[in-house]
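See structure below.
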Amino acid sequence: MRNALTVDVEEYFHPAEVATFVDPGRWGALPPRVEPATMRVLELLDRHRTHGTFFILGWVAERHPRLVRQILAAGHEIGCHSYAHHLVYQLTPEEFRADTERAVAAIADACGVRPAIYRAPSYSIVRRSFWALETLVELGFTHDSSVVPIVHDRYGIPGTDRHAHVIQTPAGPILEIPVATVELAPGRVAPVGGGGYLRLMPYRYTAAGVRRVNQGERRPACVYLHPWELDVHQPRLARGWLARLRTYTGLRGMHRKLDRLLTDFQFARLTDVYPFDPAPKPGISGEELASGGAVYSLASS
Ligand SMILES: [Zn+2]
């Protein structure tokens, strides 16, 4: 079973837990660390002969175009992680469109590839920002990985499909790929898709979760991480115990855990695991191509 490995390429001052304490006007003055941190991820993937999908922040693509080209040249897939890491539910539809267009242009300028896969900052496509999917389809996106079917203080739409599913928007279909979760009991869903959970919990938590999805449900799992999660020496800019716990706990063990995860499981690019053609040949619907995923309508959500 091949799982999807995804990396959100951003600086250590971009995650929502840290961004609260850093004025965006200061971003350009802070020492950049995204290149060496991403290189560590690339080296690890190279050692395991594994390819993944890298969601690039447009702001990073503008400043580090060589890094984006290196990621692409190493055989990985390029996705879009917005331009300025604004939470989608804090933007108007016009602001979201402008941010996404700017990101797509920055990424295309950096590497020559126009991204068609999107992941929102902090998974911020929630019920009140669900309109964003229609904008993504209009801008040429075929895949999105921004909706998490859990309860969380900052994101999530509890009760939505835990596996890849086609969402019908007025502009056309898009394939939604939630990060991996397990259903502990009916209605009780826990995230296992990497990132903070891989960092904060013992390795066996993530491993057991991915195994349960692969073997128990016969479905692939979508796992994510950030380059800064392997950067032990990053400046500690987050304030408050919860933000610091979520951001800086487990940095030291992350490389080793990721190494184990890549040893114990098979990973590939998102579109290798979840191929989807939104404009298929006559007679085959996009839904059928999405390997049996459930179909949701934007209008009814
Ligand atoms: Zn992010």
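The values are calculated or read from the model by the stated rules, or taken from the named source; none is laboratory data. What you see is a predicted model; the values in this text were computed from it and never measured. Please note: Cβ atoms are built from the backbone with ideal geometry, for glycine as well, and neighbour counts cover all protein chains shown. SASA here: full protein model, heavy atoms, side chains in, ligands and nucleic acids out. Shrake-Rupley method; radii C 1.70, N 1.55, O 1.52, S 1.80 Å.
Computed values, structure above
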quantity	calculated
Condition check for Arg97: in a helix (DSSP H, G or I), open to solvent by 60 Å² or more (accessible area, probe 1.4 Å), in contact with a Gly (Cβ under 7 Å, 6 or more places away or on another chain) and within 20 Å of Glu134 (Cα to Cα)	no
Extreme residue, farthest from Pro275 (Cα to Cα), among residues of segment 13-57 that are within 11 Å of the ligand (Cβ to nearest atom) and either in a strand (DSSP E or B) or among the hydroxyl-bearing types (Ser, Thr, Tyr) (or both)	Ile56
Residue, farthest from the ligand (Cβ to nearest atom), within segment 1-12, restricted to residues that are touching a strand residue (DSSP E or B) at 6+ places or on another chain (Cβ under 8 Å) and at pLDDT 95 or above	Arg2
Filtered residues of segment 156-189 (kept if within 17 Å of the chain's Cα centre (by Cα) and within 24 Å of His226 (Cα to Cα))	Gly156, Ile157, Arg162, His163, Ala164, Leu175, Glu176, Ile177, Pro178, Val179, Ala180, Thr181
Neighbours by Cβ (under 8 Å, 6+ apart or cross-chain): first from segment 80-107, within 16 Å of the ligand (Cβ to nearest atom); second among the acidic types (Asp, Glu) and open to solvent by 60 Å² or more (accessible area, probe 1.4 Å)	His86/Glu95; Ala106/Glu62
Elements of type helices (runs of 4 or more DSSP H) contained in segment 213-282, each with 1 or more residues being open to solvent by less than 30 Å² (accessible area, probe 1.4 Å) and more than 30 Å from Pro24 (Cα to Cα)	251-264, 270-273
Any hit, segment 60-77, residues being under 19 Å from Ser122 (Cα atoms), part of a helix (DSSP H, G or I) and modelled with pLDDT of 95 or more	yes
